[in-house]
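Student: Handing you this structure, nothing more for now.
Nothing in this text is a laboratory measurement; each read-out follows from the coordinates by a stated rule. Bear in mind that the values here come from a model prediction, so they are computed numbers and not experimental data. Neighbour counts are summed over all protein chains in view; Cβ atoms, including those assigned to glycine, are modelled from backbone coordinates with ideal geometry.
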């Protein structure tokens, strides 16, 4: 599982680099996208084992990506990371099929890595 293919959609270059470093050190294969259109292109090239998705991105936001890949028709979990702390955005993300939802200012890398590991283990169990 440590070689899982994770796609990280984050428009903030500093955060993107932090995620790349932490997840690479944890043994994951990482690809990145800066906006929703790049996410769709990357998924078209290779389906990820898990998508970490920022909501507020240029060109196409994370909500549009969630709409494009509804839970019933995809075989990878999506963790939403956002600066939007209001309950309406959280509910919209959940309604659109996000498997988990984190407010960036309230989460730690340790918590995110733990959630990624948990979702990937659950995905592996589902495949068997």
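Student: Between residue 95 and residue 5, 0.36 nm times their residue separation minus their Cα-Cα distance comes to what?
Tutor: Stretched out fully, the residue 95 to residue 5 stretch lengthens by 29.9 nm.
Student: Specify the inter-centroid distance of the range 1-22 and the range 57-128, based on alpha-carbon positions, in whole Å.
Tutor: Between the Cα centres of the range 1-22 and the range 57-128 lies a distance of 14 Å.
Student: If each DSSP helix of 4+ residues adds -39,500 (n - 2.57) and the sum is divided by the residues in the chain, what number results at 222 nm, nearest 500 deg cm²/dmol?
Tutor: Using -39500 (n - 2.57) per qualifying helix, the result is -14000 deg cm²/dmol.
Student: Per residue and in cubic angstrom, what volume does the convex hull of the Cα atoms of the range 1-95 have?
Tutor: Measuring per residue, one finds 94 Å³ for the Cα hull of the range 1-95.
Student: Which value in nm describes the separation of the simple spin-label points at residue 59 and residue 45, placed 7 Å from the Cα toward the beta carbon?
Tutor: Spacing of the two 7 Å Cα→Cβ label points: 1.2 nm.
Student: Indicate the gyration tensor shape class of the range 54-112 (rounded, prolate or oblate), computed on the Cα atoms with a ≥ b ≥ c the square roots of the eigenvalues: a/c under 1.5 is rounded; otherwise a/b larger than b/c is prolate and the rest oblate.
Tutor: Note, shape of the range 54-112 comes out prolate.
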